[in-house]
Amino acid sequence: MGPPKSMTSSTPPASVEELLERIRAEFPRLSPQLQTIARYLEQNRASATVDRIQTIAANCAVQPSAVVRFGQRFGFKGFSDLQGLYHAEFTIKASPAHNYQQRIRTLVSAKGPPIRPVDIGRELISASIAGLEELAGKLDAAALEASVTRLAKAQAIYIAAVRRSFPAATYLAYALQHTAKPVHLLSGLGGMLHDDVRGIGKRDVLVAISFMPYGRETQYCVRAARTRGAAIISITDGRLSPIARHADIVLPVIEGAAFAFRSLTSTISVCQTLFIALATRLELDLSITQDREE
């Protein structure tokens, strides 16, 4: 039995972008299982073209019937129609990420001698290249322009990230120190996170960096910044991310992955873009910055 008609979109979307727009609009009303599937389909647009329903269900820790219900919720008869929408998009242009996934699956499943370090290195590099190519094709000019404008006007800049995202936050904090802006890295050192974020105000900007499974500390910083009226720029893996929900500006980044390790190359590239664009806006002498880095 499918979902109630009142809870189902009668007409299926005509494109993946239209589907994602509908998902974003209905996301708060979806069940936790359907929210998990929604995030997966947003963040894995390439693999969703070829993955079997059992694979998607396993990756989302749900039953295949939940994937079918998800499709029906948005006007599809079943999973095959939903997947057909993704397939139509990716037959128009080949996806580097998909080509990479096929190579990595072949490498891992192949019988033979253990994988050499050089093979691991090449696959990690290939994953990073695929992620960068996808990022280059999907850079949001308006969002980047708005981000730089917010940073330029900010009285102070706060940066929040934990665990895997923390190196990117550390780099961004280091780079921004080359400007005259006060920069605060919310590291939570000594258990002082709540005290540190308390200083953020209406004229400040919080840059929050987080990816699934999304750091609780970063989510707290976003909520605290919103309560205090600060602007929020989120660097995350999609507009369904919990740190995107309260953000003024979202900069989506989907990293390449190999051997269950996600790269940080694309995230660092976005951070570098923000810094260099801000430095240009503030007319910072980049030759002095280069000398200091060396």
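The values are calculated or read from the model by the stated rules, or taken from the named source; none is laboratory data. Keep in mind the model is a prediction, meaning the values are calculated, not measured. No Cβ is skipped: glycine too gets one built from the backbone with ideal geometry, and neighbour counts run over all protein chains shown.
Observations on the model:
- Matching residues, segment 24-40, being in contact (Cβ under 8 Å) with a residue 24 or more places away in the chain and under 16 Å from the mean Cα position of the chain (by Cα): Arg24, Gln35, Thr36, Ile37, Ala38, Arg39
- Matching residues, segment 64-89, being closer than 25 Å to Ala257 by Cα, at pLDDT 80 or above and surrounded by fewer than 20 Cβ atoms within 10 Å (Cβ to Cβ): Pro64, Gly84
- Selected residue [of a type in the set (Lys, Arg), out of contact with any helix residue (DSSP H, G or I) (no Cβ under 8 Å at 6 or more places or on another chain) and not in a helix (DSSP H, G or I)] from Lys181, Lys202: Lys202
- Considering residues of segment 203-213 that are farther than 26 Å from Glu283 by Cβ and surrounded by fewer than 19 Cβ atoms within 10 Å (Cβ to Cβ) only, the residue modelled with the highest pLDDT: Met212
- Number of the exception - Ala208 against (1) among the small types (Gly, Ala, Ser); (2) in contact with a helix residue (DSSP H, G or I) (Cβ under 6 Å, 6 or more places away or on another chain); (3) in a helix (DSSP H, G or I): (3)
- Residue check, Asp119 in contact (Cβ under 8 Å) with a residue 12 or more places away in the chain and closer than 20 Å to Ile232 by Cβ: no
- The number of residues in segment 174-199 that are crowded, with 21+ Cβ neighbours inside 10 Å and touching a His at 6+ places or on another chain (Cβ under 8 Å) comes to 0.
- Test: residue in segment 130-137 that is small (Gly, Ala, Ser), farther than 24 Å from Glu42 by Cβ and in a helix (DSSP H, G or I): no
- Flag for Ser241 being under 18 Å from the mean Cα position of the chain (by Cα), in the same structural domain as Thr280 (by TED's automatic domain parsing), part of a loop (DSSP other than H, G, I, E, B) and crowded, with 19+ Cβ neighbours inside 10 Å: yes
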